[in-house]
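See structure below.
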Number of protein chains: 2
Amino acid sequence: MAYELHYWPTIQGRGEFVRLALEAAHADYIDVARGGAKGQGVTASLRRMSAKDLVQPPFAPPFLVHGKHTIGQTAAILLYLGPRLGLVGKSEASRIWTHQIQLTVTDVVAEVHETHHPIATSLYYEEQKVEAAKRARAFREQRIPKFLNWFNTVLARNPSGPTWLVGARISYADLSLFQLVDGLLYAFPTAAQRALTKTPHVAALHLRVAGHKRLASYLASDRRIAFNEDCIFRRYPELDG
Amino acid sequence: MAYELHYWPTIQGRGEFVRLALEAAHADYIDVARGGAKGQGVTASLRRMSAKDLVQPPFAPPFLVHGKHTIGQTAAILLYLGPRLGLVGKSEASRIWTHQIQLTVTDVVAEVHETHHPIATSLYYEEQKVEAAKRARAFREQRIPKFLNWFNTVLARNPSGPTWLVGARISYADLSLFQLVDGLLYAFPTAAQRALTKTPHVAALHLRVAGHKRLASYLASDRRIAFNEDCIFRRYPELDG
């Protein structure tokens, strides 16, 4: 039974963390809002989310539909997919640790969004540029180094070596850290590069995942949406430095 | 074996979501940073977190130590504790749904923090008051109603009735929603009351959890730290309305 991913069709956004897991595992999935068939497209996705008979309604996209399950929240989707796609270890300790890393990625992603929307999601960036410049400066100077340093420590202390975040095999947390770094390099090329020179394990992991056979194929395909300024990761040169 | 909770000793903060679960289940636990015995106190907690031989270092407090496990991230701690404390259902579907609700509470808590720190965590509130006033207005007018409305819908659609968020028994998500509402009522009394009049299932759940026998006893004890302006939920009258 194919997985159905529901997410905005023109951005990577939070849905990309789910796409990467599905792609890395070569899973059978439908990116519903991007489809042209009957019952597909963004309107169909949103209608599904707001159906009044949905007993477990997601708060927002992305959400995954699999059989009778409808699951929202990126990290919860990965918690569900991880064991099914072979992208997490078998022990409870390994699963909780992988999830803990994922939740920290989630925290950074939320802070990235705040850099261009520090006042309100309902306003345009242009309406909060002054505050965004201040927020982005603190994010670049304090938060990017602090977060990347933590991920670097996690890699350095992995008893199986610094190849992957957890144990000796790739997990969804590695894919998510790849995506986070990729997004930071897009949105804050100067600040991200600077931080990565001090976090070599993270920089190496980013390249390693990009070179993963299935991922490399996905990243080169037109299934990978290009970064753009409607996404969470936006390249506004005035926010980098 | 007692659970060890490590968190800042003078605030409710994110640690309170863990305390509520431990208290509701009458679990044997030590609030390490608040203890006066040898090996306790906030310095001991922080030393534990930054130990160089810690293979799975938490990013920040709260973290839980249980036997050989050290677990950070509030939602991951609850994912671990839920089955052990009988505060989540047995099926995978029920556990993922409970976690999904918890992650949405996490999102709101992060946004509450942003209302008084929209520019930088490293600055004082007084240094970002102008921006905080704007951010808090958007949070009050748009975000509080939107989030509480979602929780109200979850309760209204629960096939077991609107008593609890998931199924027919209390879960850690109920405790967390209680804490969220309690914090909103402290920080934004006017705005939270206004939203709660339109989300009666949420208002009722808040009272129901407050009346839960073990919780009521905890809330009346000196183990419950009072809300204060070092916490995530801060009462700054100029941010309410």
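Read the figures in this text as sums done on the coordinates, not as results from a lab. Predicted model only: the values in this text are computed from it and were never measured. Using ideal geometry, Cβ is built from the backbone for each residue, glycine included, and neighbour counts are taken over all protein chains shown.
Would you work out the relative contact order for segment B:62-159, in percent, from Cα pairs under 8 angstrom that are 6 or more residues apart?
14
Sort A:25-32, A:98-105 by packing, meaning the average of other beta carbons within 10 Å per residue, with the highest value first.
Most protected by this proxy first, the peptides run A:98-105, A:25-32.
Please report, largest first and rounded to whole Å, the three semi-axes of the ellipsoid equivalent to chain B, where each semi-axis is the square root of five times an eigenvalue of the C-alpha gyration tensor.
The equivalent ellipsoid of chain B has semi-axes of 27, 24, 16 Å.
How many nanometers, to one decimal and shortest first, lie between the label point of residue A:84 and those of its other copies, if labels sit 7 Å from Cα toward Cβ?
Inter-copy label distances (nm, one decimal, shortest first): 2.8.
Run the simple label-point estimate for residue B:37 and residue A:91 please: 7 Å along Cα→C-beta, distance reported in nm.
2.7
If you plug each phi of segment B:41-51 into the Karplus form 6.51 cos²θ - 1.76 cosθ + 1.60 with θ = phi - 60°, what whole-Hz ³J(HN,Hα) values come out, in order, with x for Gly and Pro?
Going residue by residue, I get x, 5, 5, 4, 4, 5, 5, 4, 5, 9, 4 Hz, with x marking Gly and Pro.
For residue B:197, project a label point 7 Å along Cα to C-beta. Then give me every residue of segment B:131-152 with its amide nitrogen under 19 Å of that point.
B:140-150, B:152
Which net charge results for the neighbourhood of residue A:146, defined as the other residues with beta-carbon distances under 14 angstrom from its beta-carbon, given Lys and Arg at +1 and Asp and Glu at -1?
Working: positive: A:140, A:143, A:194, A:198; negative: A:107, A:111, A:141.
Value of the local net charge: +1.
For B:70-77, what's the mean count of beta carbons from other chains sitting within 10 Å of each residue's beta carbon?
Neighbouring Cβ atoms belonging to other protein chains average 6 per residue here.
Would you kindly work out, in nm and rounded to one decimal, the distances from the label point of residue A:121 to those of the same position in each other copy, ordered shortest first, with label points 7 Å along Cα-to-Cβ?
For residue A:121, the other copies' label points sit at 2.0 nm, shortest first.
Over chain A, what relative contact order in percent results from Cα pairs under 8 Å that are six or more residues apart?
Averaging sequence separation for qualifying contacts and normalising by length gives 21 percent for chain A.
Using the C-alpha gyration tensor of the protein assembly as shown, what are the square roots of 5 times its eigenvalues, in whole angstrom, with the largest one first?
Over the Cα atoms of the protein assembly as shown, the semi-axes work out to 31, 27, 25 Å.
Per-residue mean of other chain beta-carbon atoms within 10 angstrom of the beta-carbon, peptide B:102-113?
Average neighbour count from other chains, rounded to a whole number: 3.
State which entries of A:129/B:129; A:134/B:146; A:68/B:90 exceed 25 angstrom in Cα-Cα distance in the structure shown.
A:134/B:146
Out of A:44, A:195, A:218, whose Cα points farthest toward the positive end of the dipole of chain A (charges: +1 Lys, Arg; -1 Asp, Glu; placed on Cβ)?
Selected residue: A:218.
Determine ³J(HN,Hα), in whole Hz, for all residues of segment B:143-152 in sequence, where each value follows from phi through the Karplus function 6.51 cos²θ - 1.76 cosθ + 1.60 and θ = phi - 60°; x replaces Gly and Pro.
Working through the residues one at a time gives 7, 4, x, 5, 5, 5, 5, 5, 4, 5 Hz.
How much length would be gained if the chain were fully extended between residue B:1 and residue B:52, taking 0.36 nm per residue of separation minus their Cα-Cα distance, in nm to one decimal?
Residue separation times 0.36 nm, minus the Cα-Cα distance, leaves 15.9 nm.
Classify segment A:17-133: rounded, prolate or oblate, from the alpha-carbon gyration tensor (a ≥ b ≥ c, eigenvalue square roots; a/c under 1.5 rounded; otherwise prolate if a/b is larger than b/c)?
oblate
Work through the residues other than residue A:180 whose Cβ is under 13 Å from its Cβ and net out their charges, Lys, Arg +1 and Asp, Glu -1.
Values: positive: A:14, A:143; negative: A:16, A:107, A:111, A:174, A:182.
Every neighbour counted, the sum reads -3.
Once label points are set 7 Å from the Cα along Cα→Cβ at both residue B:156 and residue B:123, what is their separation, rounded to one decimal in nm?
4.0
Along Cα-to-Cβ, 7 Å out, sits the label point; list in nm, shortest first, how far the one on residue A:222 is from those in the other copies.
Spacings between copies for this position, smallest first, are 7.0 nm.
So what is the 222 nm mean residue ellipticity for chain A from helices alone, if each DSSP H run of at least 4 adds -39500 (n - 2.57) and you divide by all residues, rounding to the nearest 500 deg cm²/dmol?
Dividing the helical sum by the residues of chain A leaves -16000 deg cm²/dmol.
Quick one: which of A:166-173, A:13-20 comes out on top by average Cβ neighbours within 10 Å, and what's the full order, highest first? Display every interim value, and only then the final one.
Numbers: A:166-173: 21.9, A:13-20: 24.0.
For the peptides A:166-173, A:13-20, the packing ranking is A:13-20, A:166-173.
If Lys and Arg each add +1 and Asp and Glu each add -1, what is the summed charge of the other residues whose beta carbon sits under 14 Å from the beta carbon of residue A:236?
-1
In square nanometres, what is one fourth of the surface area of the convex hull spanned by the alpha carbons of segment B:3-85? Before the final figure, lay out each step's value.
Numbers: hull surface 20.8 nm².
For the Cα atoms of segment B:3-85, the hull's average projected area reads 5.2 nm².
According to a simple spin-label model (label point 7 Å from Cα along Cα-to-Cβ), what is the distance in nm between residue A:146 and residue B:142?
2.6
Once phi is turned into ³J(HN,Hα) by the Karplus curve 6.51 cos²θ - 1.76 cosθ + 1.60 with θ = phi - 60°, what whole-Hz value does each residue of segment B:94-106 show in order, with x for glycine and proline?
Rounded to whole hertz, the list is 5, 5, 5, 5, 4, 5, 4, 5, 4, 5, 6, 4, 3.
Give the average, rounded to an integer, of partner chain Cβ atoms located within 10 angstrom of each Cβ in B:131-138.
Taking all residues of B:131-138 together, the mean is 4.
Quote the FRET efficiency, to the nearest 0.05, computed for residue B:230 versus residue B:110 with a Förster distance R0 of 22 Å and r equal to the Cβ-Cβ distance.
That gives a FRET efficiency of 0.80.
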